[in-house]
């Protein structure tokens with residue numbers, strides 16, 4: 001009888017489908033979503049501004065300089081954030097608060113923005129500086145401060161992101177913060 005129990009346990013364990021904890025089913029975040037020559041200002045030399053490495057599972061280290069030109073681009077249709085009545089549809093999640101000058105420090109974007117793999121897509125779950133959207137009639141940018149979304153479990157699907165640590169027009173960003 002012990003032998004039969006042993007065989008049953010052995011075959012159950014030997015042929016069970018085990019999930020590999022080191023497998024991430026989301027696409028490669030850098031090659032699918034990162035745009036080197038992008039950002040708002042089309043910088044000429046943004047290379048080497050993002051360093052990345054892969055960890056176990058869906059852990060990624062995406063280290064980038066914090067500035068207003070380091071941002072994620074998406075749209076309300078790919079988020080659970082309520083769409084403002086005056087929105088043109090796009091939204092941006094920046095790595096610095098509008099109106100502040102660039103600190104020049106670096107941070108891990110996955111940790112700072114709570115980037116997770118969910119339903120085979122990369123999603124942002126933290127908004128430390130809020131988000132920005134464009135008004136449909138005036139095309140002006142509106143900043144929604146992080147204090148207005150604290151405690152809400154919003155998620156935004158990541159479409160593209162930029163790592164551009166230079167601020168080219170400080171007055172533009174200072175005015176956006178007002």
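Of note:
- Members of the range 76-95 found to be over 13 Å from the mean Cα position of the chain (by Cα) and either over 18 Å from residue 162 (Cα atoms) or part of a loop (DSSP other than H, G, I, E, B) (or both), listed by number: 76, 77, 80, 81, 82, 83, 84, 85, 86, 87, 88, 89
- All strands (runs of 3 or more DSSP E) inside the range 96-143 with 3 or more residues being in contact (Cβ under 8 Å) with a residue 40 or more places away in the chain: 106-108, 121-124, 131-135
- Of all the numbered requirements in (1) in a loop (DSSP other than H, G, I, E, B); (2) surrounded by 15 or more Cβ atoms within 10 Å (Cβ to Cβ); (3) modelled with pLDDT under 90; (4) in contact with a helix residue (DSSP H, G or I) (Cβ under 8 Å, 6 or more places away or on another chain), residue 161 misses one, and that requirement is (1).
- Residue that is farthest from residue 137 (Cα to Cα) [pool: residues in the range 82-102 that are surrounded by 20 or more Cβ atoms within 10 Å (Cβ to Cβ) and at pLDDT 90 or above]: 93
- Within the range 103-139, if we keep just the residues that are touching a helix residue (DSSP H, G or I) at 6+ places or on another chain (Cβ under 9 Å) and more than 26 Å from residue 54 (Cα to Cα), the residue that is surrounded by the most Cβ atoms within 10 Å (Cβ to Cβ) turns out to be 131.
- Within the range 37-53, not a single residue is modelled with pLDDT of 85 or more, surrounded by 17 or more Cβ atoms within 10 Å (Cβ to Cβ) and in contact with a helix residue (DSSP H, G or I) (Cβ under 9 Å, 6 or more places away or on another chain).
The values are calculated or read from the model by the stated rules, or taken from the named source; none is laboratory data. Everything numeric in this text was worked out from a predicted model, so none of it was measured. Here Cβ is always computed from backbone atoms with ideal geometry, including for glycine, and neighbour counts include all displayed protein chains.
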